[in-house]
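Working notes, beginning with the structure itself.
The values are calculated or read from the model by the stated rules, or taken from the named source; none is laboratory data. Not measured: the values here are computed from a predicted model. No Cβ is skipped: glycine too gets one built from the backbone with ideal geometry, and neighbour counts run over all protein chains shown. These accessible areas exclude ligands, DNA and RNA; they are computed on the full protein's heavy atoms, side chains included. Shrake-Rupley method; radii C 1.70, N 1.55, O 1.52, S 1.80 Å.
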Amino acid sequence: MKVEKTKDDLVEEKSPGFFQKLFAWVIIPLLFVIAILLVIAQFTDTNIFEKASEVLPKDEEKSADTKEVEKKIVELNAEVQEKEAQIEKLQRELDEALAENENQKVIQEQLKRRIEELEAGQEEAKKDLKEIVNTYEKMSAKDVAPIIVEMNDEQALEILANMKPETLSAVLAKMDPKEAARYTEMLSKRKSSGT
């Protein structure tokens with residue numbers, strides 16, 4: 001059995017591939033043209049490297065571009081350093097403000113404690129004053145009147161202002177009329193001023 005190949009089968013076997021076509025139609029002619037140009041350049045004493053350097057950009061042009069880029073880098077670095085300095089300054093200001101805020105909080109706490117101490121002292125003083133007033137109220141008006149007259153006006157007013165009205169009237173009745181009038185006037189001024 002002999003297999004007969006058709007004409008199409010033969011053509012398919014012999015048809016060249018893509019790389020073969022590329023090599024035959026592009027690369028070989030290109031190499032041939034380059035070889036001819038090199039031979040011509042040899043006979044005309046032309047240095048192709050010099051000609052290439054004329055066509056390509058020169059180092060001076062490259063260095064000018066490089067200098068501009070380096071200058072821009074230096075400017076940007078300076079700007080970055082300036083921004084970092086601003087950030088550090090702002091951070092210091094923030095830290096100082098936070099420290100001042102903490103200091104203010106500490107002072108505020110100290111003042112609150114001091115107010116509480118003063119209020120406690122004031123409560124203690126009021127309690128002591130009430131005890132003194134109670135003591136004077138238990139005494140006879142005849143005995144209290146001379147004692148009150150001997151006290152300074154501020155202390156006398158405190159005691160008289162905190163006495164019950166009945167006891168106060170009895171004490172004022174036992175005082176010299178001038179002293180009673182003076183204390184009555186001071187008590188009325190005190191009540192009108194609200195203290």
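Just grab the label-to-label distance for residue 191 and residue 103, each label 7 Å out from Cα along the Cβ direction, in nm (one decimal).
5.1
Holding the Cα-Cα limit at 18 Å, pick out from 126/164; 126/178; 138/164; 127/164; 138/174; 126/174 the pairs that are longer than that.
On the way: 126/164 16 Å; 126/178 29 Å; 138/164 11 Å; 127/164 16 Å; 138/174 15 Å; 126/174 26 Å.
Long pairs (Cα-Cα over 18 Å): 126/178; 126/174.
Output the Cα-based Rg and Dmax of segment 102-195 in Å, rounding Rg to one decimal and Dmax to a whole number.
So, for segment 102-195, Rg and Dmax equal 17.9, 61 Å respectively.
Could you give the angle, 0 to 90 degrees to the nearest 10, between helix 177-193's Cα long axis and the longest principal axis of the Cα atoms of the chain?
20
Solvent-accessible area per residue for segment 104-152 at a 1.4 Å probe radius, Å²?
Numbers: 3920 Å² over 49 residues.
On a per-residue basis, 80 Å².
For the chain, set up a GNM with springs between Cα atoms under 10 Å and report which of 182, 114, 92 has the largest fluctuation.
182
If you roll a 1.4 angstrom probe over the protein chains with everything in place, what fraction of the accessible area of the chain belongs to carbon and sulfur, to the nearest %? Please list the in-between numbers first.
Numbers: 9950 of 16980 Å².
Whole-percent figure for carbon plus sulfur exposure: 59.
Taking the Cα centre of segment 68-195 as origin, work out the dipole magnitude from +1 charges on Lys and Arg Cβ and -1 charges on Asp and Glu Cβ, in debye rounded to 20. List each step's numbers first, then the result.
On the way: 21 positive and 30 negative charges, 249 e Å.
That gives segment 68-195 a dipole magnitude of about 1200 debye.
For the chain, just list the percent of Cα-Cα distances falling in each 5 Å bin from zero outward, please.
Calculated over all Cα pairs of the chain, the distribution is 1, 5, 6, 6, 5, 4, 4, 3, 3, 3, 3, 3, 3, 3, 3, 3, 3, 3, 3, 2, 2, 2, 2, 2, 3, 3, 4, 4, 3, 2, 1, 1, 0, 0 percent.
Please give, to one decimal in nm, the separation of the simple spin-label points placed at residue 15 and residue 131, each 7 Å out from Cα toward the Cβ.
Modelled inter-label distance: 12.6 nm.
Measure nothing fancy, just the Cα-based angle from helix 165-174's long axis to the longest principal axis of the chain, in degrees from 0 to 90, nearest 10.
Its long axis makes an angle of about 50 degrees.
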